[in-house]
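The values are calculated or read from the model by the stated rules, or taken from the named source; none is laboratory data. Note that the structure is predicted; figures quoted are calculated from it, not measured. We place every Cβ from the backbone using ideal geometry, glycine too, and count neighbours over all the protein chains shown. Remember, those area values only see protein heavy atoms, side chains included, never the ligands or the DNA or RNA. Shrake-Rupley method; radii C 1.70, N 1.55, O 1.52, S 1.80 Å.
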Amino acid sequence: MQRAEAARQALLTSHPESEVAVLKLDVGSIRSVLHAAQEVKLRYNRLDYLYLNAGIMPNPQLDIKAFFKGLFSSNVISMFATGEGILTQKDKTTSDGLQEVFVTNLFGHYLLVRELEPLLCQPEKTSQVIWTSSSNAHRSAFSLEDLQHLRGTEPYSSSKYASDLLSVALNRKHNQQGMYSSVICPGLVMTNLTYGILPSFFWTLIMPIMWLIRVFTNTFTLTPYNGAEALFWLFMQKPESLDALVKYHSLTSGLGNNYTQPHKMDIDEDMSEALYKKLQDLEDEVRQRLN
Ligand SMILES: NC(=O)C1=CN([C@@H]2O[C@H](COP(=O)(O)OP(=O)(O)OC[C@H]3O[C@@H](n4cnc5c(N)ncnc54)[C@H](OP(=O)(O)O)[C@@H]3O)[C@@H](O)[C@H]2O)C=CC1
Ligand SMILES: CC(C)CCC[C@@H](C)[C@H]1CC[C@H]2C3=C(CC[C@]12C)[C@@]1(C)CCC(=O)[C@@H](C)[C@@H]1CC3
(Lines give C-alpha, C1' and ligand atoms only; values in the text may rest on other atoms or scores of the structure.)
(Ligands and ions follow the chains in the order given, each with its own letter.)
Protein backbone atom coordinates (compact mmCIF):
# COMPACT_ATOMS: atom_id res chain seq x y z
CA MET A 1 0.00 0.00 0.00
CA GLN A 2 3.03 2.27 0.44
CA ARG A 3 3.56 2.57 -3.32
CA ALA A 4 -0.16 3.18 -3.85
CA GLU A 5 -0.06 5.96 -1.28
CA ALA A 6 3.00 7.49 -2.99
CA ALA A 7 1.18 7.35 -6.36
CA ARG A 8 -1.87 8.96 -4.75
CA GLN A 9 0.28 11.79 -3.36
CA ALA A 10 1.95 12.32 -6.75
CA LEU A 11 -1.46 12.53 -8.46
CA LEU A 12 -2.74 14.97 -5.89
CA THR A 13 0.34 17.13 -6.39
CA SER A 14 -0.12 17.25 -10.19
CA HIS A 15 -3.96 17.49 -10.02
CA PRO A 16 -4.79 19.16 -6.69
CA GLU A 17 -8.48 19.51 -7.58
CA SER A 18 -8.96 15.71 -7.92
CA GLU A 19 -10.07 13.10 -5.43
CA VAL A 20 -7.93 9.96 -5.34
CA ALA A 21 -8.80 6.95 -3.22
CA VAL A 22 -6.78 3.75 -2.89
CA LEU A 23 -8.02 0.24 -2.20
CA LYS A 24 -6.08 -2.97 -1.59
CA LEU A 25 -6.82 -5.72 -4.12
CA ASP A 26 -4.94 -8.90 -4.98
CA VAL A 27 -6.44 -10.13 -8.27
CA GLY A 28 -4.68 -13.43 -7.67
CA SER A 29 -6.86 -14.16 -4.63
CA ILE A 30 -10.59 -14.89 -4.92
CA ARG A 31 -11.32 -13.67 -1.37
CA SER A 32 -9.44 -10.43 -1.96
CA VAL A 33 -11.34 -9.73 -5.22
CA LEU A 34 -14.72 -10.34 -3.58
CA HIS A 35 -13.77 -8.25 -0.55
CA ALA A 36 -12.46 -5.32 -2.65
CA ALA A 37 -15.52 -5.41 -4.93
CA GLN A 38 -17.75 -5.23 -1.85
CA GLU A 39 -15.82 -2.19 -0.67
CA VAL A 40 -16.16 -0.50 -4.10
CA LYS A 41 -19.93 -1.12 -4.01
CA LEU A 42 -20.12 0.47 -0.56
CA ARG A 43 -18.11 3.53 -1.63
CA TYR A 44 -19.61 4.22 -5.11
CA ASN A 45 -22.96 4.04 -6.88
CA ARG A 46 -21.57 3.82 -10.38
CA LEU A 47 -18.33 3.34 -12.35
CA ASP A 48 -17.53 5.08 -15.64
CA TYR A 49 -14.21 3.34 -16.34
CA LEU A 50 -12.62 0.14 -15.13
CA TYR A 51 -8.98 -0.38 -16.20
CA LEU A 52 -7.87 -3.98 -15.80
CA ASN A 53 -4.12 -3.50 -15.96
CA ALA A 54 -2.63 -5.88 -13.37
CA GLY A 55 -0.65 -8.67 -14.95
CA ILE A 56 2.31 -10.96 -14.36
CA MET A 57 4.85 -12.94 -16.37
CA PRO A 58 6.58 -15.11 -13.72
CA ASN A 59 9.94 -16.77 -14.31
CA PRO A 60 10.31 -15.81 -17.97
CA GLN A 61 12.86 -17.75 -20.01
CA LEU A 62 14.26 -16.40 -23.27
CA ASP A 63 14.95 -19.13 -25.82
CA ILE A 64 18.31 -17.84 -27.11
CA LYS A 65 18.49 -20.44 -29.89
CA ALA A 66 15.00 -19.56 -31.19
CA PHE A 67 15.88 -15.84 -30.86
CA PHE A 68 18.97 -16.13 -33.11
CA LYS A 69 17.10 -18.37 -35.54
CA GLY A 70 14.31 -15.76 -35.69
CA LEU A 71 16.84 -12.96 -36.15
CA PHE A 72 17.90 -14.38 -39.51
CA SER A 73 14.44 -15.35 -40.72
CA SER A 74 11.68 -13.49 -42.58
CA ASN A 75 9.74 -13.40 -39.27
CA VAL A 76 12.21 -11.10 -37.55
CA ILE A 77 9.93 -8.04 -37.37
CA SER A 78 7.02 -10.09 -36.05
CA MET A 79 9.33 -11.72 -33.48
CA PHE A 80 10.32 -8.31 -32.11
CA ALA A 81 6.72 -7.06 -32.18
CA THR A 82 5.12 -10.05 -30.44
CA GLY A 83 7.87 -12.11 -28.84
CA GLU A 84 6.23 -15.17 -30.41
CA GLY A 85 8.15 -18.41 -30.05
CA ILE A 86 11.01 -17.03 -27.93
CA LEU A 87 9.52 -16.69 -24.45
CA THR A 88 8.27 -19.29 -21.99
CA GLN A 89 7.27 -19.04 -18.31
CA LYS A 90 7.04 -21.29 -15.26
CA ASP A 91 3.67 -21.05 -13.52
CA LYS A 92 2.53 -22.23 -10.08
CA THR A 93 -0.70 -22.98 -8.22
CA THR A 94 -2.23 -20.43 -5.82
CA SER A 95 -3.83 -21.21 -2.45
CA ASP A 96 -7.22 -21.17 -4.27
CA GLY A 97 -5.96 -24.11 -6.34
CA LEU A 98 -5.79 -22.06 -9.56
CA GLN A 99 -2.85 -21.39 -11.88
CA GLU A 100 -1.30 -18.06 -10.85
CA VAL A 101 -1.00 -16.51 -14.32
CA PHE A 102 -4.55 -17.50 -15.25
CA VAL A 103 -6.08 -16.09 -12.07
CA THR A 104 -3.96 -12.90 -11.99
CA ASN A 105 -4.19 -11.99 -15.67
CA LEU A 106 -7.72 -13.18 -16.36
CA PHE A 107 -9.96 -14.86 -13.80
CA GLY A 108 -9.50 -12.31 -10.97
CA HIS A 109 -10.43 -9.53 -13.40
CA TYR A 110 -13.38 -11.55 -14.72
CA LEU A 111 -14.70 -11.98 -11.18
CA LEU A 112 -14.21 -8.29 -10.45
CA VAL A 113 -16.22 -7.32 -13.55
CA ARG A 114 -18.96 -9.81 -12.58
CA GLU A 115 -19.14 -8.31 -9.08
CA LEU A 116 -19.16 -4.74 -10.36
CA GLU A 117 -21.75 -5.28 -13.12
CA PRO A 118 -24.42 -3.36 -11.16
CA LEU A 119 -22.14 -0.29 -11.09
CA LEU A 120 -21.09 -0.64 -14.72
CA CYS A 121 -24.44 -1.49 -16.32
CA GLN A 122 -26.84 1.33 -15.63
CA PRO A 123 -29.67 2.71 -17.78
CA GLU A 124 -29.03 5.77 -19.97
CA LYS A 125 -25.28 5.79 -19.26
CA THR A 126 -22.23 4.09 -20.77
CA SER A 127 -19.19 2.63 -19.03
CA GLN A 128 -15.86 1.32 -20.38
CA VAL A 129 -13.91 -1.73 -19.24
CA ILE A 130 -10.37 -1.70 -20.63
CA TRP A 131 -8.02 -4.69 -20.53
CA THR A 132 -4.25 -4.40 -20.86
CA SER A 133 -3.71 -7.26 -23.26
CA SER A 134 -0.63 -7.87 -25.37
CA SER A 135 0.58 -8.51 -28.91
CA ASN A 136 1.96 -11.69 -27.29
CA ALA A 137 -1.65 -13.02 -27.12
CA HIS A 138 -1.51 -15.96 -29.51
CA ARG A 139 -4.37 -18.27 -30.40
CA SER A 140 -1.89 -21.15 -30.68
CA ALA A 141 -1.06 -20.82 -26.95
CA PHE A 142 -4.71 -21.03 -25.85
CA SER A 143 -6.93 -24.07 -25.48
CA LEU A 144 -10.50 -24.27 -24.22
CA GLU A 145 -9.64 -27.74 -22.87
CA ASP A 146 -6.75 -26.33 -20.85
CA LEU A 147 -8.02 -22.86 -19.82
CA GLN A 148 -5.43 -22.48 -17.05
CA HIS A 149 -2.60 -23.60 -19.33
CA LEU A 150 -1.52 -26.41 -17.01
CA ARG A 151 -0.02 -28.40 -19.86
CA GLY A 152 1.85 -25.64 -21.72
CA THR A 153 4.83 -23.34 -21.32
CA GLU A 154 3.22 -20.04 -22.44
CA PRO A 155 0.69 -19.20 -19.70
CA TYR A 156 1.18 -15.45 -20.31
CA SER A 157 0.27 -15.66 -23.99
CA SER A 158 -2.66 -17.97 -23.19
CA SER A 159 -4.04 -15.62 -20.50
CA LYS A 160 -3.77 -12.57 -22.77
CA TYR A 161 -5.51 -14.37 -25.64
CA ALA A 162 -8.23 -15.37 -23.17
CA SER A 163 -8.65 -11.70 -22.15
CA ASP A 164 -9.17 -10.80 -25.82
CA LEU A 165 -11.85 -13.51 -26.11
CA LEU A 166 -13.49 -12.44 -22.85
CA SER A 167 -13.66 -8.80 -23.93
CA VAL A 168 -15.56 -9.86 -27.07
CA ALA A 169 -17.99 -11.92 -24.96
CA LEU A 170 -18.53 -9.04 -22.50
CA ASN A 171 -19.48 -6.74 -25.36
CA ARG A 172 -22.00 -9.21 -26.71
CA LYS A 173 -23.54 -9.64 -23.26
CA HIS A 174 -23.50 -6.10 -21.95
CA ASN A 175 -23.44 -3.49 -24.75
CA GLN A 176 -27.22 -3.21 -24.55
CA GLN A 177 -26.87 -2.38 -20.85
CA GLY A 178 -24.34 0.37 -21.60
CA MET A 179 -21.14 -1.50 -20.73
CA TYR A 180 -18.39 -1.61 -23.40
CA SER A 181 -15.15 -3.58 -23.22
CA SER A 182 -11.91 -2.95 -25.16
CA VAL A 183 -8.42 -4.41 -25.23
CA ILE A 184 -5.19 -2.52 -25.69
CA CYS A 185 -1.52 -3.44 -26.14
CA PRO A 186 0.95 -0.92 -24.70
CA GLY A 187 3.82 -2.25 -26.85
CA LEU A 188 7.17 -3.26 -25.34
CA VAL A 189 7.59 -1.05 -22.25
CA MET A 190 10.47 -1.00 -19.77
CA THR A 191 8.83 -2.02 -16.48
CA ASN A 192 9.36 -4.60 -13.72
CA LEU A 193 7.84 -7.14 -16.11
CA THR A 194 10.54 -6.64 -18.76
CA TYR A 195 13.26 -6.37 -16.05
CA GLY A 196 12.24 -9.91 -15.15
CA ILE A 197 13.21 -11.06 -18.67
CA LEU A 198 16.58 -9.27 -18.86
CA PRO A 199 18.19 -7.15 -16.10
CA SER A 200 17.53 -3.41 -16.24
CA PHE A 201 21.23 -2.53 -16.78
CA PHE A 202 21.24 -4.75 -19.90
CA TRP A 203 18.14 -3.02 -21.32
CA THR A 204 19.85 0.33 -20.65
CA LEU A 205 23.00 -0.85 -22.44
CA ILE A 206 21.08 -1.95 -25.55
CA MET A 207 18.77 1.10 -25.63
CA PRO A 208 20.34 2.48 -28.87
CA ILE A 209 19.58 -0.90 -30.53
CA MET A 210 16.01 -0.69 -29.23
CA TRP A 211 15.56 2.80 -30.71
CA LEU A 212 16.84 1.42 -34.01
CA ILE A 213 14.43 -1.56 -33.92
CA ARG A 214 11.59 0.90 -33.18
CA VAL A 215 12.10 2.36 -36.67
CA PHE A 216 11.07 -1.01 -38.14
CA THR A 217 8.24 -2.09 -35.77
CA ASN A 218 6.90 1.02 -33.94
CA THR A 219 5.87 -1.43 -31.18
CA PHE A 220 8.90 -0.56 -29.00
CA THR A 221 7.11 2.19 -27.09
CA LEU A 222 9.67 1.68 -24.30
CA THR A 223 8.30 4.17 -21.71
CA PRO A 224 5.09 3.85 -19.66
CA TYR A 225 4.06 7.30 -20.96
CA ASN A 226 4.25 6.12 -24.60
CA GLY A 227 2.64 2.78 -23.70
CA ALA A 228 -0.38 4.58 -22.23
CA GLU A 229 -1.20 6.24 -25.58
CA ALA A 230 -3.98 3.78 -26.50
CA LEU A 231 -5.55 4.14 -23.04
CA PHE A 232 -5.67 7.88 -23.45
CA TRP A 233 -7.02 7.53 -27.00
CA LEU A 234 -9.79 5.17 -25.81
CA PHE A 235 -10.71 7.58 -23.04
CA MET A 236 -11.40 10.21 -25.73
CA GLN A 237 -13.69 7.94 -27.83
CA LYS A 238 -17.40 7.33 -27.64
CA PRO A 239 -17.58 3.66 -26.52
CA GLU A 240 -20.40 2.95 -29.01
CA SER A 241 -18.05 3.85 -31.87
CA LEU A 242 -15.43 1.23 -30.94
CA ASP A 243 -14.97 -2.11 -32.71
CA ALA A 244 -15.28 -5.05 -30.29
CA LEU A 245 -13.11 -7.26 -32.52
CA VAL A 246 -10.17 -4.91 -32.59
CA LYS A 247 -7.16 -4.48 -30.29
CA TYR A 248 -5.91 -0.93 -29.89
CA HIS A 249 -2.11 -0.71 -30.00
CA SER A 250 0.03 2.08 -28.56
CA LEU A 251 2.80 2.71 -31.10
CA THR A 252 5.81 5.03 -31.21
CA SER A 253 7.41 6.01 -34.51
CA GLY A 254 11.16 6.12 -35.15
CA LEU A 255 10.98 9.88 -34.57
CA GLY A 256 9.30 9.35 -31.19
CA ASN A 257 5.72 10.29 -32.12
CA ASN A 258 2.96 8.37 -30.34
CA TYR A 259 -0.20 7.14 -32.00
CA THR A 260 -2.90 4.47 -31.63
CA GLN A 261 -3.60 1.86 -34.29
CA PRO A 262 -6.44 -0.70 -34.36
CA HIS A 263 -5.59 -4.29 -35.37
CA LYS A 264 -8.25 -6.91 -36.06
CA MET A 265 -7.93 -9.76 -33.52
CA ASP A 266 -7.69 -13.42 -34.49
CA ILE A 267 -10.95 -14.21 -32.64
CA ASP A 268 -13.69 -16.73 -33.20
CA GLU A 269 -16.97 -15.54 -31.61
CA ASP A 270 -18.09 -19.10 -30.76
CA MET A 271 -14.82 -19.64 -28.92
CA SER A 272 -15.36 -16.42 -26.95
CA GLU A 273 -18.84 -17.60 -25.98
CA ALA A 274 -17.48 -21.01 -24.94
CA LEU A 275 -14.79 -19.36 -22.81
CA TYR A 276 -17.39 -17.21 -21.05
CA LYS A 277 -19.44 -20.31 -20.27
CA LYS A 278 -16.38 -22.07 -18.83
CA LEU A 279 -15.50 -19.04 -16.70
CA GLN A 280 -19.07 -18.98 -15.35
CA ASP A 281 -18.78 -22.66 -14.40
CA LEU A 282 -15.47 -22.00 -12.64
CA GLU A 283 -16.98 -18.98 -10.90
CA ASP A 284 -19.83 -21.15 -9.53
CA GLU A 285 -17.26 -23.69 -8.38
CA VAL A 286 -15.05 -21.21 -6.51
CA ARG A 287 -18.01 -19.45 -4.93
CA GLN A 288 -19.35 -22.79 -3.68
CA ARG A 289 -15.94 -23.65 -2.26
CA LEU A 290 -15.89 -20.36 -0.31
CA ASN A 291 -19.34 -20.92 1.22
N1 LIG B 1 5.83 -4.19 -20.08
C2 LIG B 1 5.46 -4.60 -21.28
O3 LIG B 1 6.25 -4.62 -22.25
C4 LIG B 1 4.05 -5.04 -21.50
C5 LIG B 1 3.15 -5.16 -20.45
N6 LIG B 1 1.86 -5.55 -20.73
C7 LIG B 1 0.88 -5.66 -19.66
O8 LIG B 1 0.83 -4.43 -18.95
C9 LIG B 1 0.29 -4.67 -17.65
C10 LIG B 1 1.13 -3.94 -16.64
O11 LIG B 1 2.40 -4.58 -16.59
P12 LIG B 1 3.77 -3.78 -16.44
O13 LIG B 1 3.53 -2.42 -15.93
O14 LIG B 1 4.53 -3.95 -17.67
O15 LIG B 1 4.48 -4.70 -15.36
P16 LIG B 1 4.85 -4.43 -13.84
O17 LIG B 1 5.32 -5.73 -13.33
O18 LIG B 1 5.73 -3.26 -13.74
O19 LIG B 1 3.47 -4.04 -13.18
C20 LIG B 1 2.50 -5.01 -12.94
C21 LIG B 1 1.32 -4.34 -12.26
O22 LIG B 1 0.34 -5.33 -11.97
C23 LIG B 1 0.07 -5.29 -10.59
N24 LIG B 1 -0.17 -6.65 -10.10
C25 LIG B 1 0.56 -7.75 -10.32
N26 LIG B 1 0.02 -8.81 -9.67
C27 LIG B 1 -1.07 -8.34 -9.01
C28 LIG B 1 -2.04 -8.93 -8.17
N29 LIG B 1 -2.00 -10.22 -7.86
N30 LIG B 1 -3.02 -8.14 -7.68
C31 LIG B 1 -3.07 -6.83 -7.98
N32 LIG B 1 -2.19 -6.21 -8.78
C33 LIG B 1 -1.20 -6.95 -9.28
C34 LIG B 1 1.29 -4.70 -9.93
O35 LIG B 1 0.90 -4.13 -8.69
P36 LIG B 1 2.00 -3.81 -7.56
O37 LIG B 1 2.78 -2.69 -8.08
O38 LIG B 1 1.17 -3.46 -6.37
O39 LIG B 1 2.79 -5.06 -7.39
C40 LIG B 1 1.70 -3.67 -10.95
O41 LIG B 1 0.93 -2.49 -10.81
C42 LIG B 1 0.27 -6.19 -17.48
O43 LIG B 1 -1.04 -6.66 -17.68
C44 LIG B 1 1.19 -6.69 -18.59
O45 LIG B 1 0.87 -7.98 -18.99
C46 LIG B 1 1.44 -5.81 -21.99
C47 LIG B 1 2.29 -5.71 -23.04
C48 LIG B 1 3.66 -5.32 -22.87
C1 LIG C 1 16.32 -6.13 -28.58
C2 LIG C 1 17.37 -6.96 -27.97
C3 LIG C 1 18.62 -6.94 -28.79
C4 LIG C 1 16.96 -8.39 -27.65
C5 LIG C 1 15.68 -8.53 -26.88
C6 LIG C 1 15.06 -9.86 -27.14
C7 LIG C 1 13.78 -10.16 -26.35
C8 LIG C 1 14.11 -10.19 -24.87
C9 LIG C 1 12.63 -9.19 -26.67
C10 LIG C 1 12.32 -9.11 -28.15
C11 LIG C 1 10.82 -8.85 -28.29
C12 LIG C 1 10.39 -8.58 -26.86
C13 LIG C 1 8.94 -8.59 -26.48
C14 LIG C 1 8.57 -8.91 -25.19
C15 LIG C 1 9.58 -9.32 -24.17
C16 LIG C 1 11.03 -9.11 -24.59
C17 LIG C 1 11.26 -9.51 -26.04
C18 LIG C 1 10.91 -10.99 -26.21
C19 LIG C 1 7.10 -9.00 -24.78
C20 LIG C 1 6.70 -10.46 -24.96
C21 LIG C 1 6.91 -8.57 -23.33
C22 LIG C 1 5.48 -8.68 -22.88
C23 LIG C 1 4.45 -8.38 -23.89
O24 LIG C 1 3.29 -8.37 -23.51
C25 LIG C 1 4.77 -8.24 -25.32
C26 LIG C 1 3.95 -7.16 -25.99
C27 LIG C 1 6.24 -8.07 -25.63
C28 LIG C 1 6.54 -8.32 -27.12
C29 LIG C 1 7.97 -8.11 -27.49
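Calculate, in nm to one decimal, what LEU71 and LYS277 gain on full extension: separation in residues at 0.36 nm each, minus their alpha carbon distance.
Here the answer is 70.1 nm.
Add -39500 (n - 2.57) for each DSSP H run of 4 or more in the chain, then divide by its residues: what number comes out at 222 nm, to the nearest 500 deg cm²/dmol?
That calculation yields -13500 deg cm²/dmol at 222 nm.
In a GNM of the chain with a 10 Å cut-off on Cα contacts, which of SER95, SER159, SER253 has the highest mean-square fluctuation?
In the Gaussian network model the winner is SER95.
Projecting each Cα onto the charge dipole of the stretch 2-290 (Lys/Arg +1, Asp/Glu -1 at the beta carbon, about the Cα centre), which of VAL20, THR104, SER133 comes out farthest on the positive side?
Sorting the options by dipole projection puts first VAL20.
Give me the one-decimal nm value for the distance between modelled label points at ASP243 and LEU290, 7 Å along each residue's Cα-to-Cβ direction.
Going by the 7 Å Cα→Cβ label model, 3.7 nm.
Can you give me the angle between helix 269-290 and the longest principal axis of the chain, using Cα atoms only, in degrees from 0 to 90, rounded to the nearest 10?
60
When we measure straight from the Cα of LYS69, which aspartates and glutamates land under 17 angstrom away, once same-chain ones fewer than 8 places off are left out?
Partners within reach: GLU84.
Can you tell which of SER182, SER14, SER134 shows the greatest fluctuation in a Gaussian network model of the chain with Cα springs below 10 Å?
Comparing SER182, SER14, SER134 in the GNM, the peak value goes to SER14.
Using the Cα centre as the reference, give the magnitude of the dipole from point charges on the C-beta atoms of the chain (Lys, Arg: +1; Asp, Glu: -1; all else neutral), rounded to the nearest 20 debye.
Here the size comes out at about 460 debye.
Test of understanding: in a Gaussian network model of the chain with alpha carbons linked when under 10 Å, which of THR252, THR219, THR93 would top the mean-square fluctuation ranking?
THR93
Could you work out how far the C-alpha centroid of the stretch 39-98 sits from that of the stretch 249-268, in angstrom?
Taking the Cα centre of the stretch 249-268 as reference, the centre of the stretch 39-98 is 17 Å away.
Given a 1.4 angstrom probe, I'd like the percentage of the accessible area of the chain that is carbon and sulfur, rounded to a whole number.
56
Report ³J(HN,Hα) in whole Hz for each residue of the stretch 185-191, in order, from the Karplus equation J = 6.51 cos²θ - 1.76 cosθ + 1.60 where θ = phi - 60°; Gly and Pro get x.
10, x, x, 6, 10, 6, 9
Note the full-extension length gain between GLU124 and ARG151 as 0.36 nm times their separation in residues minus their Cα-Cα distance, in nm to one decimal.
5.2 nm
Which distance in nm do the two modelled labels at PHE232 and HIS35 give, with both placed 7 Å along the Cα-to-Cβ direction?
If labels sit at PHE232 and HIS35, their model points lie 3.6 nm apart.
Pulled fully out, how much extra length does the chain show between ALA54 and LEU144, if you take 0.36 nm times their separation in residues and subtract their Cα-Cα distance?
30.1 nm
For the chain, with equal point scatterers placed on the C-alpha atoms only and solvent neglected, what are the log10 I(q)/I(0) values from the Debye formula at q = 0.08, 0.13, 0.17 1/Å, to two decimals?
-0.35, -0.97, -1.65
Out of all DSSP beta bridges in the chain, what portion is antiparallel? Express it as a percent rounded to 5.
About 40 percent, rounded to the nearest 5.
With the crude spin-label approximation of a point 7 Å out along Cα→Cβ, what separation in nm comes out for LEU198 versus ARG43?
About 3.9 nm, to one decimal.
What value in Å³ per residue do you get for the convex hull of the alpha-carbon atoms in the stretch 96-225?
145
Per residue, how much accessible area does the chain show when a 1.4 Å probe rolls over the protein heavy atoms, in square angstrom?
Dividing the accessible area of the chain by its residue count gives 53 Å².
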